[in-house]
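Reading through the structure tokens given below for one structure.
Each reported figure results from applying straightforward, stated rules to the coordinates on display, with no laboratory input. Predicted model, so just to flag it, every value in this text is computed and none were measured. Positions of Cβ are generated from backbone atoms using ideal geometry, with glycine treated the same way; all protein chains shown enter the neighbour counts.
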Amino acid sequence: MDLQKLERNTHAAIDYWINEYQRYSLEQILQKPSEHEWSMGQVGIHLWMSGKGFFFKKAEMCLNKEEVTTGKGKNFSGHLIFTFKMFPPVRYEMPKQVAVVPKQPESKEQLIAKLEEIKQIASTFIKRIPESDPSLKIKHPFLGYLNTAEWIQLCNIHFIHHQRQKQRIERQLGFS
């Protein structure tokens, strides 16, 4: 695995969001297309929360050999997503037991700082991939069993996946 390329791609996926948030006012970032949809700001908070609290938490567990298993791998959906490095272009709903509606960011600066934090965390974990055992995996609810490197790659794929959501929000609000 080319770790420098993974780091460049991950930073680019996060920088996309940082650059986009810099283009908009806080009022635009907080605007929701409807009562039941997220704002662009909530999408950013979701990316931060899922990166820090899910993807990198699972990568850390793999590195620490916590709750890991061996001899298992990705399921069919997992293989497709990792092969194409993208989720299918459909809307997903999180299972009710783990669904969290993200809060609105307090400011553009807070939102950008959270994304910068994820960049730093990503870099730290990418540097640790060589010390990981690729056979140690933790189950993803939909994709099968993933190792440290795959959890990090999935964070990158997730950031890119939400670009479609941002573009839909922009269209609905007349920003694009």
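In the chain, which longest range has no chymotrypsin sites (Phe, Trp or Tyr not before Pro) that are both DSSP loop (not H, G, I, E or B) and surrounded by at most 15 other Cβ atoms within 10 Å?
1-91
Just the number: Rg to Rh for the stretch 30-176, Cα atoms, Kirkwood Rh, two decimals. Kindly include the intermediate steps, with their values, before the conclusion.
Details: Rg = 16.1 Å, Rh = 16.3 Å.
With Rh from the inverse mean 1/r over Cα pairs, Rg/Rh is 0.99.
Near LYS114, which aspartates and glutamates are there with a Cα under 15 Å away, not counting those fewer than 8 places off in the same chain?
Candidates past the 8-residue exclusion: ASP15, GLU20, GLU106.
What do you get for GluC sites (Glu not before Pro) in the stretch 10-69 restricted to DSSP loop and a cutoff of at most 16 other Cβ within 10 Å of the site's Cβ?
Working: sites: GLU20, GLU27, GLU35, GLU37, GLU60, GLU66, GLU67; in loops: GLU35, GLU37, GLU66, GLU67.
Taking the stretch 10-69 and a limit of 16 other Cβ atoms within 10 Å, the loop GluC sites (Glu not before Pro) found are GLU35, GLU37, GLU66, GLU67.
Kindly write out, for the stretch 36-43 in residue order, the coupling ³J(HN,Hα) from the Karplus curve 6.51 cos²θ - 1.76 cosθ + 1.60 (θ = phi - 60°), rounded to whole Hz, with x marking Gly and Pro.
Running phi through 6.51 cos²θ - 1.76 cosθ + 1.60 with θ = phi - 60° gives 9, 10, 7, 7, 4, x, 5, 4 Hz.
Taking the simple approach of a point 7 Å from Cα along Cα-to-Cβ for both LEU173 and GLU37, what is their distance in nm?
1.1 nm
Among all stretches of the chain without exposed trypsin sites (Lys or Arg not before Pro) (DSSP loop, at most 12 other Cβ atoms within 10 Å), which one is longest? Please report the intermediate quantities before stating the final value.
Details: sites that count: LYS65, LYS85, ARG91, LYS96, LYS103.
That would be 104-176.
So how far apart, in nm, are the two label points at GLN22 and PHE84 if each is 7 Å from Cα heading toward Cβ?
Here the modelled spin labels are 3.2 nm apart.
Which entries in the list LYS5/LYS119; LYS119/LYS139; LYS5/LYS74; LYS57/LYS137; LYS137/LYS166; LYS32/LYS119 go over 20 Å, if you measure between the two C-alpha atoms of each? It would help to have the intermediate numbers written out before the result.
On the way: LYS5/LYS119 14 Å; LYS119/LYS139 24 Å; LYS5/LYS74 22 Å; LYS57/LYS137 13 Å; LYS137/LYS166 31 Å; LYS32/LYS119 26 Å.
Too far apart for the 20 Å limit: LYS119/LYS139; LYS5/LYS74; LYS137/LYS166; LYS32/LYS119.
When only Cα pairs under 8 Å and 6 or more residues apart are kept, what is the percent relative contact order across the chain?
On the way: 195 pairs, mean separation 67.7, N = 176.
The value is 38 percent.
Normalised by the number of residues in the stretch 107-176, what is the relative contact order in percent for Cα pairs under 8 Å and 6+ residues apart? Intermediate values should be presented prior to the final figure.
Details: 27 pairs, mean separation 13.4, N = 70.
Taking the mean separation of contacting Cα pairs over the length of the stretch 107-176, I get 19 percent.
Please state, to two decimals, what the Cα-based radius of gyration of the stretch 104-176 comes to when divided by 2.2 N^0.38 Å (N = residues). Walk me through the intermediate numbers first.
Details: Rg = 16.0 Å, N = 73, 2.2 N^0.38 = 11.2 Å.
Cα-based Rg divided by the globular estimate yields 1.42.
Per residue of the stretch 14-25, what does 6.51 cos²θ - 1.76 cosθ + 1.60 with θ = phi - 60° give for ³J(HN,Hα)? Whole Hz please, x for Gly and Pro, Karplus curve as stated.
6, 4, 3, 5, 4, 5, 5, 5, 5, 6, 10, 7
Spelling out what I want: for every residue of the stretch 128-133, take phi, set θ = phi - 60°, compute 6.51 cos²θ - 1.76 cosθ + 1.60 (Karplus), and round to whole Hz; glycine and proline get x.
8, 4, x, 7, 8, 9
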